[in-house]
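Structure, as structure tokens:
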Amino acid sequence: MDVQRLLWAMLACLAASVASAELRATHDSVEARAADVMLPSGPLSTLVVTPCRGCSPMSLLATGRTQYLVGRQPATLEELRHEVRRRPDSVVVVIWNRQTRELFRVRVSAP
């Protein structure tokens, strides 16, 4: 009986230590008006976004791995660019790797 209690106590401690482990975010994101985003010209180019009024612009690196979406649908960079030009007040979500500043995903809200 004492061994069983000891095992349960050890399992509880293990679960508590795992639950309190520090999580590290590897990506960051910002929402901006489409008019405040300068899209990259292609792979290995730069996206520039001004995250808020009075904030400094941020430069982020687009690569061949960068994903582009219009709403929830995958899109080409050209299709994304077309939507941004057509709807400059739409919301663009930019997600990037914190350490490398590499773009992970760029998404414009659906029409």
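We did not get these values from a lab; they are worked out from the coordinates using the rules stated. Computed from a predicted structure; not experimentally measured. Cβ coordinates were reconstructed from backbone atoms using ideal geometry, including for glycine residues, and neighbour counts include every protein chain displayed.
Compute the length gained on full extension between ARG85 and LEU44: take 0.36 nm times their separation in residues and subtract their Cα-Cα distance, giving the result in nm to one decimal.
Computed gain between ARG85 and LEU44 is 12.6 nm.
Once the cut-off is 20 Å, how many percent of the Cα-Cα pairs in the range 25-108 end up in the long-distance tail?
23 percent
Compare the peptides 84-94, 69-79 by average per-residue count of other Cβ atoms within 10 angstrom and give them in order, highest first.
84-94, 69-79
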